[in-house]
Amino acid sequence: MINFKTRLDKILDRITSEELLSNKGLGNEIGFYIFDYYPEFELEMREHIQFIIHQLPKKKPDLRFKHVNLFELVIGYLKKRNLLDRAIQIQFNKGDQELLKALKGALGADKIAKEFIAEADPENNDLILLSGVGSAFPLIRSHNLLNNLHSLMQDTPLVMFYPGIYTGQGLRLFGKLKETNYYRAFQLVI
């Protein structure tokens, strides 16, 4: 990856471009974009996402957008289903693996995708920003979520901020985990 700061400076222009917002030049592919970054830049990335959220209305006042933090979405979903306190107790008493087993059904990618759609409301937004992917791991795997969102996002572009490496063929969370195949997204900026 070239200089992180240089790449950050390109995001706002790219996500407000007519090409991205209208899904031009995608060759019948879905408008999913990934901004990958080294996980050691997580705090700077979070700060820059807040900067973007504040700048979007100034740069493009008519743009309807939604930012969804995946970790916060999962916590809210568990609260809504009255599972959060139980999940915390399982993790405390039995550990991470038992927690993952206990939540496997409740946090299926198809269920979280529906919850994501309810929160993101792509039908009434022009752009969806997704962050918190690293914080939600291992409860949610981003490639599973993206696969489940394909048919649900319609024509609304989705930009995922990804703490890892996206090669165009696969995702490696944190740049360390085994690569998972995923090729249906485009690099947001190079």
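Here are some notes:
- Residue among Ile30, Ile34, Ile11 that is buried (at least 18 other Cβ atoms within 10 Å of the Cβ), of a type in the set (A, V, I, L, M) and in a strand (DSSP E or B): Ile34
- Test for Glu19: is it acidic (Asp, Glu) and within 20 Å of Asn125 (Cβ to Cβ): yes
- Flag if Ile140 is of a type in the set (Val, Ile, Thr), under 30 Å from Arg14 (Cα atoms) and touching a Lys or Arg at 6+ places or on another chain (Cβ under 7 Å): no
- Residues of the stretch 124-168 that are at pLDDT below 90 and at positive phi: Gln154, Gly168.
- Residue match in the stretch 70-90 (condition: under 28 Å from Ile190 (Cβ atoms) and either free of Cβ contacts under 8 Å to residues at least 12 places away in the same chain or not β-branched (Val, Ile, Thr) (or both)): yes
- Single residue of Lys101, Lys58, Lys66, Lys80 found to be closer than 26 Å to Tyr183 by Cβ and of a type in the set (D, E, K, R): Lys66
- Test result for Ile75, β-branched (Val, Ile, Thr) and buried (at least 17 other Cβ atoms within 10 Å of the Cβ): yes
- Any hit, the stretch 136-144, residues being buried (at least 21 other Cβ atoms within 10 Å of the Cβ), of a type in the set (Ser, Thr, Tyr) and either closer than 23 Å to Gln97 by Cα or touching a His at 6+ places or on another chain (Cβ under 7 Å) (or both): yes
- Take the conditions (1) under 26 Å from His143 (Cα atoms); (2) in contact (Cβ under 8 Å) with a residue 24 or more places away in the chain; (3) among the polar types (S, T, N, Q); Gln55 misses just one of them, which is (1).
- Top-ranked residue of the stretch 169-182 - restricted to ones that are farther than 22 Å from Asn69 by Cβ and surrounded by 12 or more Cβ atoms within 10 Å (Cβ to Cβ), ranked as modelled with the lowest pLDDT: Glu179
- Checking each residue of the stretch 17-27 against the condition of being in contact with a Ser or Thr (Cβ under 7 Å, 6 or more places away or on another chain), closer than 27 Å to Lys111 by Cα and either at pLDDT 95 or above or crowded, with 17+ Cβ neighbours inside 10 Å (or both) gives no match.
- When residues in the stretch 126-169 are screened for being assigned to a loop (DSSP other than H, G, I, E, B) and among the hydrophobic types (A, V, I, L, M, F, W, C), 5 of them pass.
- Inspection of the stretch 2-21 finds no residue satisfying the criterion of being touching a residue at least 12 places away in the same chain (Cβ under 8 Å), among the hydroxyl-bearing types (Ser, Thr, Tyr) and within 26 Å of Arg141 (Cα to Cα).
The values are calculated or read from the model by the stated rules, or taken from the named source; none is laboratory data. Given the structure is predicted, the values throughout are model-derived calculations rather than measurements. Reconstructed Cβ throughout: ideal geometry from the backbone, glycine too, with neighbour counts over all protein chains shown.
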